[in-house]
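Please treat every number below as a calculation from the coordinates, not as lab data. The structure presented is a predicted model; accordingly, all values stated were derived computationally and were not measured. We place every Cβ from the backbone using ideal geometry, glycine too, and count neighbours over all the protein chains shown.
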Amino acid sequence: MGKIVALTGDRPTGKLHLGHLVGSLKSRVELQDTYDQYIMIADTQALTDYFENPQRVVDNIIEVVSDYLAVGIDPNLSTIFVQSQVPALCELTMYYMNLVTVSRLERNPTVKAELAQKDFGKAVPVGFFCYPISQVSDITAFKGEIVPVGEDQLPMIEQTNEVVRKFNRLYNTQCLKEATAYLTKTKRLVGIDGKAKASKSLNNAIFLSDSPEVIKEKVYSMFTDPNHLKVSDPGKVEGNVVFEYLDAFHPDAEEISSLKAKYQKGGLGDTTIKSLLNNVLQDLLLPMREKRISLKKEDLFDICIEGTRKARGVAEQTLSEVKSSIGIDFFEKRDFYLKNH
Ligand code: ATP
Ligand code: MG
C-alpha cells in the first residue's frame, strides 16, 4: 500500500502571510513526514480573477515557493508543482463540469463571499464561477485524501466529495477518492483591520517576508476595542485583533488568559499587549526571513520544474482512469470495438 496523499495549494496572488502559516503551512510541514504530499501553486485558479493582470500571478510563483521553503516545507518530502503546467487538470474539469449544477455553484458560501468582495456585478467570468470544479480536479487528480486548509476551503471539499460520489456511482467505479479537511486550532486568522479573514487580496495581512519595521507598524495599527481609551478602562477581548493574534501565536495560553482577564477588568493598555505581540511575531518570523534570503532563485525554479514533472505523470494516470471509467478510452479499446461493432 502506498502512502496516503495530502494535497493543498495557494494562489500566487501575493506573498504568503500569517493566515497561511497557522491555517495551512504549519500542518503541511507536519504532514510531509508521514504523507505523500503534493503542494500546488494555483496559477490557473489565480487567473480566474487576475486574468487582466497575469504578470502579478507569474511574478508571485517564485515568491510563494520561497515562502514554502522558508517555513520548512522540504522539496525532498513534498512535491511542489505549478497548476498551469499540468494540462490533465483542465481535462478533468471538463468531465466534472457535467456533474455540477449552476445552482449548486451559486450556493457555495465562499464563492458568494468572494463575489461580493470582487465587485464583478453581473459580469461574473465563467472561469471564476467554475473554479470550485477545477479544485475538484486538483484534489482528485492526486487522489488527495487529506487537505490541510483554512475554514474558507470547507465548501470546496464538500463540493469535491459530492462530485466524487456522483462520479463513482454514475460510472460504477471506485477510481476517485473522497477527501477530508485537516483543520488547525486557528481555522481562520482575522485581518489586521478586524475583517473576518486575513487575505492577500484584501491586503490586510502580515506577510511572512515583512521587514521588522513593517511588522511593528502593522501590529501597532491593529484594531482593538475602540472604547478602550484609557489604560484603566475595561476593554473588550472579543473582536480584538491583538488578542486573536496572541491566541494564535503566543506559546503560553495561560499567560494570555490572565492578560485577557486583566484587560477586561481595566488596567492593561493597548501598547503593552501590542508590544508583547510584536515581540512574539518578530521572534517567529526572524528565522523564516533569514532562510528566505539564503534561497537561490535558480534552485526554486528547478524545484518547480522537477515537482511539476512528477505531478504531470500522476495527474495523467488519474485522467486515463477517469476516461476509461466513462468509457471514452476508444483508442486503448480499439480491438474490442472492432470486434463488437
Ligand atoms: P486570495 O486573497 O488571493 O484568495 P488568500 O490569502 O485567501 O489569497 P489562498 O491562496 O486563497 O490565500 O489560500 C491558500 C490557503 O491558505 C488555503 O488553504 C486557505 O484556506 C488558507 N488561508 C488563507 N487565508 C487564511 C486565513 N486568514 N486563515 C487561515 N487560513 C487561511
Ligand atoms: Mg483565497
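Listed by Cβ neighbour count within 10 Å, with the fewest neighbours leading, 3, 112, 122, 216 appear as 122, 3, 112, 216. Structure remark: mean-square fluctuation, Gaussian network model of the chain, C-alpha springs under 10 Å; the largest value among 169, 56, 312 belongs to 169.
A simple rule links phi to the HN-Hα coupling: the Karplus curve 6.51 cos²θ - 1.76 cosθ + 1.60 with θ = phi - 60°, which for the stretch 170-182 gives 4, 9, 6, 9, 10, 5, 9, 10, 6, 10, 10, 6, 10 Hz, with x for Gly and Pro. Using θ = phi - 60° in the Karplus curve 6.51 cos²θ - 1.76 cosθ + 1.60, the 3J(HN,Hα) couplings for the stretch 79-88 round to 8, 9, 9, 9, 3, 5, 9, 10, x, 4 Hz; x is entered for Gly and Pro. When the chain is treated as a Gaussian network with alpha carbon springs shorter than 10 Å, the biggest mean-square fluctuation among 248, 181, 116 belongs to 116.
Counting only Cα atoms, the size of the stretch 113-198 along its three principal axes is 49, 37, 16 Å, in decreasing order. For the stretch 1-67, the normalised intensity computed at q = 0.12, 0.25 Å⁻¹ comes to -0.35, -1.06 (log10 of I(q)/I(0), Debye sum over alpha carbons, equal scatterers, no solvent). Each residue in 164, 100 was given a count of other beta-carbon atoms within 10 angstrom of its own, and listing them fewest first yields 100, 164. For the stretch 37-128, the alpha carbon convex hull comes to 136 Å³ per residue, rounded to a whole number.
How big is D, in µm² s⁻¹, for the stretch 217-314 by Stokes-Einstein at 10 °C and 1.306 mPa s if Rh is the Kirkwood radius over C-alpha pairs?
99 µm²/s
Only helical runs count toward this figure. For the chain, summing -39,500 (n - 2.57) over DSSP H runs of n ≥ 4 and dividing by all residues gives -16500 deg cm²/dmol at 222 nm. Pairs of Cα atoms nearer than 8 Å and 6+ residues apart set the relative contact order; for the stretch 88-228 it is 20 percent. The equivalent ellipsoid of the chain has semi-axes of 42, 22, 18 Å, largest first, where each one is the square root of 5 times an eigenvalue of the Cα gyration tensor. Less than 5 angstrom separates the built amide H of residue 80 from those of 39, 307, all sequence-distant by 5 or more or on a different chain.
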